[in-house]
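A.B. asks: Pasting in a structure now, in structure tokens, and then I'll have a few things to ask.
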Amino acid sequence: MKFFSLKNRFYIFTLTITFVSWILILAVVMFGLRDLILSLTEDFLEVRSELLASSLPLSYFEEGDPALEKWLETIRQTPPDFLDTGIDSDSSYQIWYKGKIIASSYISPVMPVPTKEGISFFFDEEQDDVIVWQTYAKKIKGVDAWAVATEDMEFAFEGSISFVVITFFFIGENFPLIYLVLPLSFIALFWGINKSLKPLTKISDQFAERSKNDLIPYSAKAIPNEIRPIIDAFNYKLDVIQRNQSELDASLESEKRFTANAAHELLTPLAAIKTEAQLRERQTTDPEQQEGLRAISLRVDRATHTVEQLVTLARLDPKTLQEKAKEIDLLKIVQNVSADLGNKIKAKAIDFDITASNTNRINGLPSALTFLCRNLVDNAVRYCSEGGMVRITITQDENSLILSIKNTGRPLPDYMKDYIFERFVRGAGEQETGSGLGMSIVKRVADIHKAEIVLSDPEDMVGVQVDVIFSIKESA
């Protein structure tokens, strides 16, 4: 399942939108400023060209007048500075007469012959860098002459980086506080997001602190409207769980009473039947009757064992299991179970041995692990050959504790390994008495403790080996 943080998403989205908005605003300001510069430059060039035109005496001369030729020769040799007309010395201009430049400023573009009054733009391609020039041409009345005011507009058209720098300086000089708005807006966004998500964060922390058995409905003074339906649905589910839990507890209590009563009702008559059979067996001298009564006793023993195993399975149901896990010594459980089976071990002359490491403790359910060990050891003894061997070892490595039980006897068929843990499953032609529930109990206990069961053939004998692998991390 993929997890993500709403807070981080809000940070990314809002900061990105804010940053992009500022970039767009800057772009609008830049284009607006450029248009303003072009407009102001146009007005400035118009005024300059009119000052140039009004300061020239060309309109006072007649065509072919020697004085005109003399004046033209004079300004060609010594261009006027026009300072007395209010034009700066570094201003760029050109004076045209009959299609030729008769006077120009020190910095002056190579431009086409003016043909109409007004503003125009052109590229001076004869300079090292192609420069955009803005010009305003004013026709001098009465003669074929023009006063042209020019201005280099490279910074506004081609020098984007320079223009950006100029724009920043312009904004900083005229609106210095605007550069505090962007970082302050980021800080305000961070504060606003944290403040807005604080109720959600508080609810999340409260949920994280709740125990898995806490079924009290969630209540809070301030719940955001956006998650109120989730909280209401959660509380509704808790209410349903509480009602179901109450019904389940009542059902489990009834089931426990039924199991106890059923066990009593079944085991009591079975015990009476066995007692009666044993009594009749002692009273009769007929060998056939004695053999029949012994068979009845064996069948009663099997029925009793089956009832006990069924009761054990019922007690091991996760729904009815009320016992709490605690640290226990697995070796002591194995030793106690083996002691209870001492008579069977002695009767079959079994070479019985238990070997354990120094550390044999795990966290588990004492009664459930006792059921597991009793069934495994009982099976090992029950199905061991006369005069055979049973070896029980408890070993531990870094991650697990392994209970290994093996015996000499008939090997377990491969087909049985797939069904051995199902209820009432027994091998074909099995001579030993049993209910077919022992391995089901073992599997149930292993599942409760998240242990693994491995069935195999022993390497050093002919028989069956069962390994129960308890994870130390799981049991810790």
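A.B. asks: Starting from the Kirkwood Rh over alpha-carbon pairs, what translational D in µm² s⁻¹ does region 323-475 have by Stokes-Einstein at 37 °C and 0.692 mPa s?
C.D. replies: The Stokes-Einstein estimate is 209 µm²/s.
A.B. asks: May I ask you to order 29-41, 65-77 by the average number of other C-beta atoms within 10 Å around their residues, highest value first?
C.D. replies: So the order, starting with the most tightly packed, is 29-41, 65-77.
A.B. asks: So how do T370, T135 line up by other beta-carbon neighbours within 10 Å, fewest first?
C.D. replies: T370, T135
A.B. asks: Amide H to amide H, which residues 5 or more places from G388 or on other chains are under 5 Å from it, using H placed in the peptide plane?
C.D. replies: Under 5 Å from the amide H of G388 lie the amide H atoms of D351, each far enough along the sequence or on another chain.
A.B. asks: I've got another one for you. According to a simple spin-label model (label point 7 Å from Cα along Cα-to-Cβ), what is the distance in nm between D351 and M461?
C.D. replies: 0.8
A.B. asks: State which entries of K237/K450; K274/K348; K202/K443; K346/K443; K332/K443 exceed 32 angstrom in Cα-Cα distance in the structure shown.
C.D. replies: K202/K443
Values in this text are rule-based calculations from the coordinates and carry no lab data. Remember, predicted model here, so these are calculated numbers, not experimental data. All Cβ positions, even for glycine, are placed from backbone atoms using ideal geometry, and neighbour counts span all protein chains on display.
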